Amino acid sequence: MNHNIKTYLLTIKGRVQNVGFRYWLKQQAINLDLKGYVKNLNNKNEVESLIQGQFNNILNIIEKSKNGPKL
């Protein structure tokens, strides 16, 4: 059993729709070997993401999410 595996539920707020945010986040997660999902919430300015994997990789994707994709 790997005790370094963590699970986080994130709510990301801001300009996240019509900028390719979900696709971008999915690609970041794949690159970091993270599992989970990302989906739009009812509020047009929020997405939810459940991510699971190595803690350092989770911290990495959280930092990347603060800026998001180029759009």
Looking only at the range 24-42, and only at residues there that are open to solvent by 70 Å² or more (accessible area, probe 1.4 Å), outside any strand (DSSP E or B) and in contact (Cβ under 8 Å) with a residue 12 or more places away in the chain, the one that is farthest from N67 (Cα to Cα): D33
Matching entry among I61, I30, I51 (being in contact with a Phe, Trp or Tyr (Cβ under 6 Å, 6 or more places away or on another chain), at pLDDT 95 or above and aliphatic (A, V, I, L, M)): I51
Cβ pairs under 7 Å, 6+ apart, first in the range 1-20 and farther than 14 Å from L59 by Cα, second of a type in the set (K, R) and open to solvent by 50 Å² or more (accessible area, probe 1.4 Å): Q17/K44
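The values are calculated or read from the model by the stated rules, or taken from the named source; none is laboratory data. Bear in mind that the values here come from a model prediction, so they are computed numbers and not experimental data. Glycine gets a Cβ as well: all are built from the backbone with ideal geometry, and neighbour counts include every protein chain shown. Please note that ligands, DNA and RNA were not included when accessible areas were found on the heavy atoms of the full protein model with its side chains. Shrake-Rupley method; radii C 1.70, N 1.55, O 1.52, S 1.80 Å.
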